[in-house]
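Shown next, in structure tokens, is the structure this report addresses.
What follows draws every value from the coordinates through simple rules; no lab data is involved. Small disclaimer: the values here were computed from a predicted structure and weren't measured. Every residue, glycine as well, gets a Cβ built from its backbone with ideal geometry; the counts of neighbours run over all protein chains shown.
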Amino acid sequence: MALTQSTMKDEQIRACANEVRASAFDFTNNNLDVTALAIEHGFSVHSCQTKSFIQSFIIVDEKNEIEEVGGHRLIGYNEDIPLERRRRGIAHEIGHFFIHKGKRNDLTDACFEHATPEYIELQNDPEKREIDRQADLFARVLLMPAYQFAESMRKGLEGAGMNRDVSDPKIMQSKCERVFKLLGEDFVVTPKKIAQRIADTDAEIERLCADHGYLREAAARYVQQQDKLQES
Ligand SMILES: [Zn+2]
């Protein structure tokens, strides 16, 4: 699955995700209907009984070469995964379509959730890691556009009484985490995705973090905690 040419830069990926989002009928909703968006772009979206380590996958068969797919565009997701992850998976696959279509010999892509030996092998493939990083960036921008995200985060922090720095770091952390959870409900993503979005460098997010000096640190700590929980 070699890339036939170099792919987009992060700035272009952001611009592309914003453009795709703008094409959605409900683009102003924080809870974007990603399934409807995929359908608008010619995909059929199916829940599948699939191996537990597969979260979602995409098959694009424009040349009608795969009998079971018959020239169609498919996105599948594991029926056992919770809604937030399903949405993330669909957004990630839409990202592969817009970023990597025509750039790979084979667009078929599976996103794995749990570490199996095959998965570890894939993770050690720097090219696979890079295209998945790009699709993840696309998914974050698609599901949490910078302007809407920064506005909602400002309101959330204000609601939690965090207009200025809180001196007790433990209280600060727990208030931030409460806001990550609230925003997760709002955008229908996991709180970890909210925290990861704070690390991105979109102009609106940079401004938000400049106004709330503690935010990136709190987000990084939360992501670390979640990663540890997943490992254990
Ligand atoms: Zn992927």
From the residues in the stretch 28-42 that are in contact with a strand residue (DSSP E or B) (Cβ under 7 Å, 6 or more places away or on another chain) and without any contact (Cβ under 8 Å) to a residue 40 or more places away in the chain, which one is nearest to ARG88 (Cα to Cα)?
-> ILE39
Looking at the stretch 61-103, which of the residues that are buried (at least 21 other Cβ atoms within 10 Å of the Cβ) and aromatic (Phe, Trp, Tyr) is farthest from the ligand (Cβ to nearest atom)?
-> TYR77
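Identify the residue in the stretch 41-59 that is farther than 22 Å from GLN230 by Cβ and within 13 Å of the ligand (Cβ to nearest atom) and, among all such residues, is surrounded by the most Cβ atoms within 10 Å (Cβ to Cβ). Steps first, please.
Within the stretch 41-59, the subset farther than 22 Å from GLN230 by Cβ is 41-49, 58-59.
Applying the additional criterion that residues be within 13 Å of the ligand (Cβ to nearest atom) yields 58-59.
On the way: ILE58: 26, ILE59: 19.
Out of the qualifying residues, it is ILE58.
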In the stretch 130-141, anything near the ligand (Cβ under 10 Å from one of its atoms) and of a type outside the set (A, V, I, L, M, F, W, C) is listed as ASP132, ARG133, GLN134, ASP136
Does the stretch 54-68 contain any residue that is touching a helix residue (DSSP H, G or I) at 6+ places or on another chain (Cβ under 7 Å), touching a residue at least 40 places away in the same chain (Cβ under 8 Å) and within 22 Å of GLN148 (Cα to Cα)?
-> no
